[in-house]
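The values are calculated or read from the model by the stated rules, or taken from the named source; none is laboratory data. None of these values were measured; they are calculated from a predicted model. Cβ placement follows ideal geometry from the backbone for every residue including glycine, while neighbour counts extend to all protein chains displayed.
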Amino acid sequence: MGTVYAIANQKGGVGKTTTAVNVAACIAEAGYETLLVDVDPQGNATVGLGIDRNGGPGLYDVLGGEVDALSAVRPTDIEHLSLIVSTPDLAGATMELPRLPGSETRLRDALAGVRERFAFTLLDCPPSLGPLTVNALVAADRVIVPVQTEYFALEGLAGLLDTLSLIQRELNPRLTVAGMLLTMHDSRTKLGQDVEREVREHFPALVFDTVIPRNVRLGEAPSFGRPVIHHDPHCAGSEAYFALAKEVASRG
Ligand SMILES: Nc1ncnc2c1ncn2[C@@H]1O[C@H](COP(=O)(O)OP(=O)(O)OP(=O)(O)O)[C@@H](O)[C@H]1O
Ligand SMILES: [Mg+2]
């Protein structure tokens with residue numbers, strides 16, 4: 001049985017998609033069959049991998065039960081990395097999901113048929129705690145929480161952890177926090193250093209040792225439709241995501 005990771009934080013623009021795409025690429029590079037599921041109606045993970053959002057079934061069709069997950073899995077240009085895309089109609093799922101039977105477990109049930117084919121499945125969540133994120137957290141074994149090292153970093157994290165406990169209690173007892181990940185970090189500024197210290201003090205043992213630096217290559221790689229390790233394998237962003245992938249794997 002493979003392991004399923006949700007990459008979640010209801011805060012927008014904290015590095016969820018960048019983390020999902022690049023950790024998935026690093027794991028695939030190590031030779032493991034990896035599935036990335038774009039659970040966000042924005043479709044940033046799909047586009048960031050250079051894949052057409054319109055060419056075939058996607059997560060919307062899977063959640064609606066129109067196609068099984070395996071038929072929606074598409075290959076990417078990267079060996080060992082497959083994708084379930086976010087088609088534009090996924091935006092409607094936020095309204096439609098609550099009306100479907102088993103609305104909170106539909107992703108978990110759909111992935112049951114494919115998860116043994118992939119050593120790792122990564123779910124890139126939208127910036128909300130709505131029905132799509134709930135489905136991802138119910139389907140996941142672990143959650144990675146990217147936290148941008150900026151002034152309001154801690155804001156909202158308590159609420160997110162409350163939601164995680166609720167889902168653990170009510171819907172998914174297996175769910176654990178793999179870790180919080182400091183992203184877009186600038187270690188040269190006092191603010192960067194202060195925020196890192198504060199988050200580590202607040203959540204001891206929960207924060208990954210690896211920190212993702214602010215890095216131009218990481219920001220521009222999606223516009224080339226590829227993960228950073230294929231855009232510039234030796235830049236600081238690539239090194240950081242390789243280190244993170246190792247740390248994620250070693251935390252079991
Ligand atoms: N370490 C980094 N260095 C520089 N730019 C980054 C870094 N991480 C992410 N970015 C850029 O910051 C923006 C937000 O990142 P990303 O899309 O990964 O966040 P997100 O949490 O998925 O956003 P959303 O909540 O909208 O889904 C993107 O333009 C991305 O390319
Ligand atoms: Mg995103």
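Tabulated values for the structure
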{"read-out": "Criterion violated by LEU218 - all others in (1) more than 16 Å from ligand 2 (Cβ to nearest atom); (2) in contact (Cβ under 8 Å) with a residue 60 or more places away in the chain satisfied", "value": "(1)"}
{"read-out": "Verdict on ALA236 being touching a helix residue (DSSP H, G or I) at 6+ places or on another chain (Cβ under 8 Å) and in contact (Cβ under 8 Å) with a residue 60 or more places away in the chain", "value": "no"}
{"read-out": "Residue that is within 16 Å of ligand 1 (Cβ to nearest atom), acidic (Asp, Glu) and at pLDDT 95 or above, where the choices are ASP38, ASP89, ASP68, ASP61", "value": "ASP38"}
{"read-out": "Enumerated helices (runs of 4 or more DSSP H) restricted to segment 7-118, each holding at least 1 residues that are among the aliphatic types (A, V, I, L, M), within 12 Å of ligand 2 (Cβ to nearest atom) and over 18 Å from the mean Cα position of the chain (by Cα)", "value": "none"}
{"read-out": "Unmet requirement for ALA136, which otherwise passes all of (1) of a type in the set (Gly, Ala, Ser); (2) part of a loop (DSSP other than H, G, I, E, B); (3) touching a strand residue (DSSP E or B) at 6+ places or on another chain (Cβ under 9 Å)", "value": "(2)"}
{"read-out": "Segment 172-218: number of residues that are hydrophobic (A, V, I, L, M, F, W, C) and farther than 13 Å from VAL143 by Cα", "value": "11"}
{"read-out": "Qualifying residue in segment 217-225 (condition: in contact with a Ser or Thr (Cβ under 8 Å, 6 or more places away or on another chain), closer than 23 Å to THR76 by Cα and assigned to a loop (DSSP other than H, G, I, E, B))", "value": "no"}
